[in-house]
Every structure is written in C-alpha cells, then in structure tokens.
Amino acid sequence: MRYSDLGCRYRNVPHELEIVNETPRTKWEVCHICNRKFRFNKGYKKRVDNLAYLKAHVREFAQPNGATKRIYNRIYKPETTKIVI
C-alpha cells in the first residue's frame, strides 16, 4: 500500500483522529488538524473495513521500519527527512 496522499489538506500530514460517536452500525471520528469527519460503517460481526481504517489511522500505526517508515520519520523525526546541501 502506497501512502502518497497523507490526509490533512493544508499540512500534508496524516490525520490525528478522535472517536466522536460509535453505534452498533457506524463509527464517527474527527481529525484534530483539519476537522474532517470520517464515518466507518460496520459490517459483518460489527467490524469496520480494515483497509479504509488503516489508511485513515496511518499516524497511529506508523513504525520505524517497514512500509510506514517514511511516514514515521516525517512525523516523529523530521530532522532526518531534510536534504542538506
């Protein structure tokens, strides 16, 4: 999975989401940075779509190694992402 569009439109950083409301059929979350609202429908066994949930919550799941290492470095270690000439 490629993370080219990270989410928040003004700063191009991943969303920082907080749960606003949760019912047996839906889950509502809001980003603190851009105030965008997300709605995740729950399907079979009251679970949300895994791929859509991971794309929206990439900030929480980013790790220093692996597929999300660039996002991790951009959020937690921005000094390592700058090119010094």
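The values are calculated or read from the model by the stated rules, or taken from the named source; none is laboratory data. All of these numbers come straight from a predicted model, not from anything done at the bench. Because the Cβ atoms are built from the backbone with ideal geometry, glycine has one as well, and the counts that use them run over all protein chains shown.
Tabulated values for the structure
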| read-out | value |
| --- | --- |
| The range 24-38, residues that are in a strand (DSSP E or B) and out of contact with any His (no Cβ under 7 Å at 6 or more places or on another chain) | THR26, LYS27, TRP28, GLU29, VAL30, LYS37, PHE38 |
| Tabulated pairs, the range 73-85, first within 15 Å of GLN63 (Cα to Cα), second of a type in the set (Ser, Thr, Tyr) and in a loop (DSSP other than H, G, I, E, B), C-beta under 6 angstrom, 6+ apart or interchain | ASN73/THR81; ARG74/THR81 |
| Unique match (being in a loop (DSSP other than H, G, I, E, B) and polar (S, T, N, Q)) among ASN65, ASN41, ASN21 | ASN65 |
| Residue among PHE40, PHE61 that alone is without any contact (Cβ under 8 Å) to a residue 40 or more places away in the chain, touching a strand residue (DSSP E or B) at 6+ places or on another chain (Cβ under 9 Å), surrounded by 10 or more Cβ atoms within 10 Å (Cβ to Cβ) and closer than 17 Å to GLY7 by Cβ | PHE40 |
| Pair list, Cβ < 6 Å and 6+ apart or interchain, from the range 6-17 residues that are part of a strand (DSSP E or B) to residues that are modelled with pLDDT of 85 or more | GLY7/PRO14; GLY7/HIS15; PRO14/VAL58; PRO14/ARG59; LEU17/GLU29; LEU17/CYS31 |
| Hits in the range 26-85 (condition: among the aromatic types (Phe, Trp, Tyr), out of contact with any Pro (no Cβ under 7 Å at 6 or more places or on another chain) and either modelled with pLDDT of 90 or more or within 21 Å of CYS8 (Cβ to Cβ) (or both)) | TRP28, PHE38, PHE40, TYR53, PHE61, TYR76 |
| Considering residues of the range 68-85 that are hydroxyl-bearing (Ser, Thr, Tyr) and either over 15 Å from the mean Cα position of the chain (by Cα) or part of a loop (DSSP other than H, G, I, E, B) (or both) only, the residue surrounded by the fewest Cβ atoms within 10 Å (Cβ to Cβ) | THR80 |
